[in-house]
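Colleague: The structure follows.
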Amino acid sequence: MNSDDVFIDDWWDPTQYDEDMGGSPWEGAVVYQRNASVSHVEYCTTLERLGLAKISTEVSRSRASVMGLRVTKAVKDFPLGTPVLISVDVTRKRQKLRLDGIVRTVISLLCNSSSSSAVIMLTMQDHNLDLKCKIRIGLLLRSLTALCAEPTAETIFRDFSLLLTEEPVEEPETIDMGVIFDEDMFRTSRSGEVEEFCDDASIDWEDRLHFPPGEKSIDISKHIRDILHLEIVIDAICDPKCKGLCLKCGCNLNTSACNCSQQKTRVKGSRPLRGLREKMQQNEF
């Protein structure tokens, strides 16, 4: 799933949680505790605790139960919510901690209008600079297919990486849109051996967090929430054979039938003067 396909539907209202719960409700949901002897951590929270109650329904909870995802006893807030399980591997480097994890949960989306995508290739050329480049633009087009708008479960297995650094994170003024090389990507030690940090270069700047040596914990709830938020898409479908809604009466054609298709429709090409020639011919006789 691409982030370009992200769509926030009308029923999504994140401000509701800020007003009702006072600030960011997801704060403190997932907190990493510094521990030099631990290289793997398991977390459990819920969609409700992360401020995503709108995509948590009985449909998502039921699917999660079938998959074996359970809310642990350690979860005190929203114990009956949709479980979100996070597994994290911790790698320790010089003045850095790298967290590589996977998020597992089920979200509930509305069976919505299907979408189609198109790619446009643009070529720009500067003859003076002898420069030529191509730009690839992806467009998400909404089709007119009306589906049933009933809740449907979407299983989420999404990996992520966070880089916790002892030094403050300063985003460079100029960012290479190709491959970003970290300053510490290669470093020569006293013994002459090369220490390789090539994987860190692939981590986005917003996923690099300042974690001073004196701090014992850091809240990563917002990053987990953002990962799930990006899974809210426009093209969720309850079933490939979904018949959708009747465009005239709004009836759900999956569960009931309507007679709109049997009603007399206007003949194609009908105009105000249609049939005038036949009437004139009859008058001639």
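Where a number appears in this text, it was derived from the coordinates with a stated rule and is not lab data. Note that the structure is a prediction, hence the values are computed from the model and not measured. Virtual Cβ from ideal backbone geometry, glycine too; neighbours counted across all protein chains shown.
Colleague: Please arrange K96, K73 by counting, for each residue, the other beta carbons lying within 10 Å of its beta carbon, fewest first.
Modeller: If I rank by nearby Cβ atoms, fewest first, I get K73, K96.
Colleague: Gain in length, E150 to E167, computed as 0.36 nm per residue apart minus the alpha-carbon separation, to one decimal in nm?
Modeller: Length gained between E150 and E167: 1.3 nm.
Colleague: Once amide H atoms are placed 1.01 Å from N in the peptide plane, what residues at a sequence separation of 5 or more from V233, or on another chain, have their amide H within under 5 Å of its amide H?
Modeller: F7
Colleague: Right, something else. Give me Rg over Rh for the range 210-259, both radii from the alpha carbons and Rh done the Kirkwood way, two decimal places.
Modeller: Using only Cα positions, Rg/Rh for the range 210-259 is 1.45.
Colleague: Scan around K93 for amide H atoms under 5 Å from its own, H built in the peptide plane at 1.01 Å from N, and keep only partners 5 or more places away or cross-chain.
Modeller: Under 5 Å from the amide H of K93 lie the amide H atoms of R98, each far enough along the sequence or on another chain.
Colleague: Please order T45, T72 by the number of other Cβ within 10 Å, starting at the fewest.
Modeller: Starting with the residue having the fewest Cβ neighbours, the order is T72, T45.
Colleague: How high is the FRET efficiency from R94 to D226, r the C-beta distance, R0 41 Å, rounded to 0.05?
Modeller: Computed FRET efficiency for R94 and D226 comes out at 0.90.
Colleague: Which FRET efficiency, nearest 0.05, do S62 and E206 yield, Cβ-Cβ r, R0 35 Å?
Modeller: 0.55
Colleague: On a 23 Å Cα-Cα criterion, which of the cross-link pairs K96/K216; K73/K93; K54/K241; K54/K76 come out too long?
Modeller: Violating the 23 Å Cα-Cα cut-off are K73/K93; K54/K241.
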